[in-house]
Structures are given as C-alpha cells and as structure tokens.
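Notes for the one structure printed next.
Quick note: the coordinates plus some simple rules give every number you see, no bench work behind them. What you see is a predicted model, and the numbers here were worked out from it, not measured in a lab. Neighbour counts are summed over all protein chains in view; Cβ atoms, including those assigned to glycine, are modelled from backbone coordinates with ideal geometry.
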Amino acid sequence: MRYVRAGEKAFKIWAPIKRRPTEEQAAEREAAGRTVKREPSGRPAVQVAGFGLANTFDPLSPRILDPPRQARISLQSTPREPGC
C-alpha cells in the first residue's frame with residue numbers, strides 16, 4: 001500500500017465504475033434478448049457501468065511542497081555615512 005505524503009498533487013484520470021447487476025436486472029436483460037455474463041457460480045458477473053473521474057498520484061514524480069523561492073534583491077543602494 002502506498003501512502004500520500006503532504007504536498008503531493010493529485011491528477012485526474014478516467015476510472016471504470018464497476019457494478020454487479022441484480023438477479024432481477026439480469027432476468028430483464030435476458031428477457032429482452034440480451035446476453036448476461038455469469039460467473040461459474042451462476043451469479044451475474046461484475047460489469048463496467050461507465051467511467052468517472054478519480055484522483056491518482058504519480059509515484060515517480062518528485063515531491064512538490066512549495067514552488068522554489070526567489071531571493072529578493074534590493075535595488076536601493078546601501079546608506080553611506082557622511083564623510084566617507
């Protein structure tokens with residue numbers, strides 16, 4: 001199992017939505033002339049019902065906490081003592 005570390009950014013993918021039809025739904029489909037896949041035990045098999053967006057993390061991407069900070073450069077000259 002992989003744990004997500006603080007600061008990692010997720011990205012979206014299309015993931016399958018799986019459902020198992022009930023016996024009533026399978027009987028309706030068979031009565032309509034459609035074939036229903038079944039497991040060896042006789043139960044209707046799990047089917048892909050559609051696709052939805054899901055978050056995922058790339059394990060090979062570098063860890064991103066904060067964008068790199070830029071050094072501040074002062075454009076003002078340093079004050080000089082009088083008489084220098």
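Here are a few things to note about the model shown:
- 5 Å binning of all Cα-Cα separations within the range 11-56, expressed as whole percents from 0 upward: 5, 21, 21, 19, 11, 9, 9, 3, 0
- Candidate lysines - alpha carbon under 25 Å from Lys37, same-chain residues fewer than 8 apart omitted: Lys18
- Each label was represented as a point 7 Å from its Cα along the Cα-to-Cβ direction; for Glu8 and Arg20 these points are 3.0 nm apart.
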